[in-house]
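Reviewing the structure listed below.
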Amino acid sequence: MALENRVVVLNGTEFTLGRKYRDKVLGVEGVAVASATYLTGCDQIQLAARDANGMPYSQWFDVTRIEGVTVEERPGGPGPDITVRHPA
């Protein structure tokens, strides 16, 4: 099963692995790569992110601190404002 299609339900909330989320407390944004449910009742999501230097890292967060991030889709190819000039 592809990660984009893996939905987990933690603490009554659906999370999709492979989707981008944000920690509301620290502001960390990353892709959900794992989930965990502990015997004590704590549910967590692991986010894979990049630090200020672009180095990858991952960190676990309680699901009550996680919110979805809307990813803006960007169209591909040159826009209509591109002018191509040919040498004369």
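Derivation of every value follows stated rules applied to the coordinates shown; laboratory data play no part. Given the structure is predicted, the values throughout are model-derived calculations rather than measurements. Please note: Cβ atoms are built from the backbone with ideal geometry, for glycine as well, and neighbour counts cover all protein chains shown.
Compared with the direct C-alpha span, the chain from T37 to D62 gains 8.0 nm at full extension, assuming 0.36 nm per residue. Once phi is turned into ³J(HN,Hα) by the Karplus curve 6.51 cos²θ - 1.76 cosθ + 1.60 with θ = phi - 60°, what whole-Hz value does each residue of segment 51-56 show in order, with x for glycine and proline? Taking θ as phi minus 60°, the curve returns 7, 4, 9, x, 7, x Hz for segment 51-56.
Averaging the sequence gap over all C-alpha pairs within less than 8 Å and six or more residues apart, then dividing by the number of residues, gives segment 3-67 a relative contact order of 26 percent. The K24 and M55 beta-carbon pair, evaluated with R₀ = 22 Å, returns a calculated FRET efficiency of approximately 0.40.
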